[in-house]
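The values are calculated or read from the model by the stated rules, or taken from the named source; none is laboratory data. Here the structure is a predicted model, which is why all the values come from computation and not from measurement. All Cβ positions, glycine included, derive from the backbone under ideal geometry; neighbour counts span all protein chains shown. With ligands, DNA and RNA removed, areas are computed over all heavy atoms of the protein, side chains included. Shrake-Rupley method; radii C 1.70, N 1.55, O 1.52, S 1.80 Å.
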Amino acid sequence: MNTRTEGAAPGTFACHEALHMASVLVGIVEVELVDHASIQDNPEWLKLAEDARDSLTALYQKIGVAHGEASR
């Protein structure tokens, strides 16, 4: 583990913070971008916004699994 990630492994408070931030960002991207009228009116933008939301959702899920397993 390098000094940057020391203390940030799954099961730590720092990992919990990353999990929480991923969740917050999923909600922000959904409400502020995916649901925005300008985005909704442009299929290319909508696809990109949905991809961003879906990537953040996948990140949240991956962090959640690792964090949950380490916390047991």
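Miscellaneous remarks
Residue-wise test of (1) in contact (Cβ under 8 Å) with a residue 60 or more places away in the chain; (2) open to solvent by less than 90 Å² (accessible area, probe 1.4 Å).
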{"site": "F13", "(1), (2)": "no, no"}
{"site": "V24", "(1), (2)": "no, yes"}
{"site": "I28", "(1), (2)": "no, yes"}
{"site": "V34", "(1), (2)": "no, yes"}
{"site": "A49", "(1), (2)": "no, yes"}
{"site": "L59", "(1), (2)": "no, yes"}
{"site": "K62", "(1), (2)": "no, no"}
{"site": "H67", "(1), (2)": "no, yes"}
{"site": "S71", "(1), (2)": "yes, yes"}
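- Residue check for G27: outside any helix (DSSP H, G or I) and either modelled with pLDDT of 95 or more or closer than 30 Å to R72 by Cβ (or both): no
- Count - residues of the range 51-72 that are among the basic types (K, R) and in a helix (DSSP H, G or I): 2
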